[in-house]
Number of protein chains: 2
Amino acid sequence: MGRKARFNKDHFVDAALKLLAEQGPAAVTMAAVAGESGAPIGSVYHRFVSRDVLLAELWLRIVGSFQRGFLETLKRDDGLNAALHTVRWVRKHPKEGRVLLLHRREDLASGEWPDDVKERAEGLTREINEEIRSFTLRLYGRSTRQHLLRVTFALIDVPYASVRRHLEAGNVPPKAIDDFVKDTYFTILGRES
Amino acid sequence: MGRKARFNKDHFVDAALKLLAEQGPAAVTMAAVAGESGAPIGSVYHRFVSRDVLLAELWLRIVGSFQRGFLETLKRDDGLNAALHTVRWVRKHPKEGRVLLLHRREDLASGEWPDDVKERAEGLTREINEEIRSFTLRLYGRSTRQHLLRVTFALIDVPYASVRRHLEAGNVPPKAIDDFVKDTYFTILGRES
DNA sequence: GACGTATTAGAATCTTTATTCTAGAATACA
DNA sequence: TGTATTCTAGAATAAAGATTCTAATACGTC
């Protein structure tokens, strides 16, 4: 085999997450990631070919974690709880929430991604698009641009908005916003949805 | 006096805006700003002591432009149109909209700001907070944390959310979202507001 | 027309980070 | 024990960009 590893990918991704959530993108230097992990820089590069790929990995991990629960609920046809999932997930994962909702992927990992990373990203996007589409279909019997817009607004955009300013301020989203999300959900998609 | 100026602050702020809106924060280098303006780097530094201050200026200009209309409408006690102002303003100012809604101030101009810039920023923040507060007061007779939360959600967060994904995609926000914003507004703040 | 000043010009320098490279260490296994 | 292999270490290098500096230019005024 070879020498026993003291550090693995997760160590570095965790460190990057912490830095990114607490101090923003500029603070995520390779030296800082190494420092935060108590590792030498070389070990970071031993696991990730570049900073971009490290951040891509972090991003995918977060999106995956978020989407898993969201899609599960949506597949159960439980739109309301899918909408509420964002709020709940963020309360449970404040650091991840900050990264997901306060930053754009392109501003973090700007360069080219290796193929496998690109594919994982596309997979996640495809998955959510498909599920939104089929939920829309079940709800309205068709999924025109207008229908999709409406569903996306209630299921994603509003929950996102409800939570953003509190993450920005470093606070846990207050209890009250669940009701905002819920009320908006019914207003936009109807009581029966 | 001295030599006639070929370039003024606005030239460079405009160039920075274009770069930022079209290619993101990383593309706004001092060299790029100079290049985009057809000016030498020296002239940029003649107007702005640092990149941070240039971006601060850009940010303040945009926030000011947005807030002006928003506050005017709100002062008229026309909450609904204040909410809709975001959508309309973004349609009219797509580049500025992208900057305002897709980026965080701290991620753009991270360093220390000179006092005058800091004061202008605080002035804008104070102004909007006060106006939101007095609108809330007029609407509910008091302005507790809960009331403010509710008003902020309907007036700022939801409009923001309704527009964001379309800016991200480089599109003009479609017509339909005005209705989403409106319906949500009434749901959250009541018909009489 | 000489002078002071605001500006343009852009080359040179400084900093900050990512990335590369060379050595050394630890482990499994033949 | 010898050897291939996987990691750790961290110094050296390279690149990108911000910032500084020195000179050269135009304009208004005296």
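The values are calculated or read from the model by the stated rules, or taken from the named source; none is laboratory data. Predicted model only: the values in this text are computed from it and were never measured. In this analysis, Cβ positions are derived from the backbone assuming ideal geometry, glycine residues included, and neighbour counts consider all displayed protein chains.
The table below lists the values:
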{"read-out": "Those residues of region B:20-48 which are among the β-branched types (Val, Ile, Thr) and either within 12 Å of DNA strand C (Cβ to nearest atom) or within 14 Å of another protein chain (Cβ to nearest Cβ) (or both), in sequence order", "value": "B:Val28, B:Thr29, B:Ile41, B:Val44"}
{"read-out": "So A:Gly111, is it surrounded by fewer than 18 Cβ atoms within 10 Å (Cβ to Cβ), more than 21 Å from A:Ser65 (Cα to Cα) and of a type outside the set (S, T, N, Q)", "value": "yes"}
{"read-out": "Residue within region A:143-160 that is within 14 Å of chain B (Cβ to nearest Cβ), in contact (Cβ under 8 Å) with a residue 60 or more places away in the chain and outside any helix (DSSP H, G or I) present", "value": "no"}
{"read-out": "Where B:Lys4 falls short, out of the listed (1) of a type in the set (Lys, Arg); (2) outside any helix (DSSP H, G or I); (3) in contact (Cβ under 8 Å) with a residue 40 or more places away in the chain", "value": "(3)"}
{"read-out": "B:Leu167 vs. criteria buried (at least 20 other Cβ atoms within 10 Å of the Cβ), within 17 Å of A:Arg165 (Cα to Cα) and modelled with pLDDT of 95 or more", "value": "no"}
{"read-out": "Criterion violated by A:Ser134 - all others in (1) out of contact with any Gly (no Cβ under 6 Å at 6 or more places or on another chain); (2) under 21 Å from B:Thr86 (Cβ atoms) satisfied", "value": "(2)"}
{"read-out": "Qualifying residue in region B:80-102 (condition: modelled with pLDDT of 95 or more, over 18 Å from the mean Cα position of the chain (by Cα) and away from chain A (no Cβ under 14 Å))", "value": "yes"}
{"read-out": "Residue match in region A:41-58 (condition: assigned by TED's automatic domain parsing to the domain that holds A:Arg164 and within 11 Å of the chain's Cα centre (by Cα))", "value": "no"}
{"read-out": "Output for region A:78-95, where each listed residue is surrounded by fewer than 20 Cβ atoms within 10 Å (Cβ to Cβ) and out of contact with any Lys or Arg (no Cβ under 8 Å at 6 or more places or on another chain)", "value": "A:Asp78, A:Asn81, A:Arg88, A:Arg91, A:Lys92, A:His93, A:Pro94"}
{"read-out": "Verdict on B:Pro173 being in contact (Cβ under 8 Å) with a residue 24 or more places away in the chain, at negative phi and in a loop (DSSP other than H, G, I, E, B)", "value": "yes"}
{"read-out": "Only listed residue being touching a Phe, Trp or Tyr at 6+ places or on another chain (Cβ under 8 Å), surrounded by fewer than 19 Cβ atoms within 10 Å (Cβ to Cβ) and either modelled with pLDDT of 95 or more or assigned by TED's automatic domain parsing to the domain that holds A:Gly69 (or both), chosen from A:Ala121, A:Ala161", "value": "A:Ala121"}
